[in-house]
């Protein structure tokens, strides 16, 4: 992926020196250790679902409520000599350019998310986050959170190497930010109260596949504007989409596949919707909620 030499975003907070520490999380009065969190990695690391919700359900509580994240120290920018942070900052800037233009064309204004780099644990407006959860987006503070060690997990544990696969992670999370801005996330929260778990899971699949499609839209327009793609980049993203499909993750973790428990979609579905965004570059083509065939 050709990313060097492009603009870096100013919307990156480096909180890696503020590690929250601790050996677990507490939801509803019940603590969850890192062993439990490791299981959640398989279930919810697939780029986008808020793992805090999964952990809350495991602890017997409801979904975590929005709360004000502590701000004891001012956020600082990552150091200029950190190549991983520069990569993330550059990809975030590309998403800003793409979605700013998409919103402008629709007669609206894009509000840029912030991206937080952290290690270990981090306070968010959605509750405490842990690096073992993988990357996630918090609608309460409109921030994407990522521990860069996740990219090692992506390569070594999930079998999805490559810088474009890493960029896909960020683009998917920003896709959830877009959903938050246009009201899709609010509708999902409302639906949670009236649907059964199986029904809500099916709706969650559509939410995640739309975020995959939005990631494809980013790739389409970033390539048109900056010619970022190198040989093998698309294959990296498609492989990542396959490896984090619900069917692949369940097969690896339990040896069986339970479709009614899917929350992100199969690898084939994730590939299909990413490719739809990539090939069309059209937001309207990403309406996963109205289509019959996912």
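Can you name the condition, by its number, that residue 230 falls short on among (1) touching a residue at least 24 places away in the same chain (Cβ under 8 Å); (2) surrounded by fewer than 19 Cβ atoms within 10 Å (Cβ to Cβ); (3) part of a helix (DSSP H, G or I)?
Of everything listed in (1) touching a residue at least 24 places away in the same chain (Cβ under 8 Å); (2) surrounded by fewer than 19 Cβ atoms within 10 Å (Cβ to Cβ); (3) part of a helix (DSSP H, G or I), residue 230 misses just condition (3).
Looking at the stretch 151-188, which of its residues are part of a helix (DSSP H, G or I) and free of Cβ contacts under 8 Å to residues at least 24 places away in the same chain?
Residues of the stretch 151-188 that are part of a helix (DSSP H, G or I), as a first pass: 151-156, 163-182, 184-188.
Passing the criteria: 152, 155, 156, 182, 186, 187, 188.
Are any residues in the stretch 142-151 surrounded by fewer than 21 Cβ atoms within 10 Å (Cβ to Cβ) and at pLDDT 95 or above, and if so, which ones?
142
Read through the list (1) out of contact with any helix residue (DSSP H, G or I) (no Cβ under 6 Å at 6 or more places or on another chain); (2) assigned to a strand (DSSP E or B), then give the number of the only condition that residue 88 fails.
(2)
When you scan the stretch 210-223, do you find a residue that is touching a helix residue (DSSP H, G or I) at 6+ places or on another chain (Cβ under 8 Å), farther than 25 Å from residue 151 by Cβ and touching a residue at least 24 places away in the same chain (Cβ under 8 Å), even just one?
First, the residues of the stretch 210-223 that are touching a helix residue (DSSP H, G or I) at 6+ places or on another chain (Cβ under 8 Å): 210-222.
Subsequent filtering for residues that are farther than 25 Å from residue 151 by Cβ retains none.
Checked against the condition, which is being touching a helix residue (DSSP H, G or I) at 6+ places or on another chain (Cβ under 8 Å), farther than 25 Å from residue 151 by Cβ and touching a residue at least 24 places away in the same chain (Cβ under 8 Å), the stretch 210-223 yields no hits at all.
How many residues, within the stretch 152-178, are within 13 Å of the chain's Cα centre (by Cα) and surrounded by fewer than 22 Cβ atoms within 10 Å (Cβ to Cβ)?
Residues meeting the conditions: 0.
As an exercise: evaluate residue 239 against (1) under 23 Å from residue 113 (Cα atoms); (2) modelled with pLDDT under 95; (3) not in a loop (DSSP other than H, G, I, E, B) and give the number of the one condition it does not meet.
All conditions are met except number (1).
Failed condition for residue 253, given (1) exposed (fewer than 15 other Cβ atoms within 10 Å of the Cβ); (2) modelled with pLDDT under 80; (3) in a loop (DSSP other than H, G, I, E, B), with all others met?
The one condition residue 253 does not meet is (3).
The values are calculated or read from the model by the stated rules, or taken from the named source; none is laboratory data. The model shown is predicted, which means the values in this text are computed figures rather than measured ones. Neighbour counts are summed over all protein chains in view; Cβ atoms, including those assigned to glycine, are modelled from backbone coordinates with ideal geometry.
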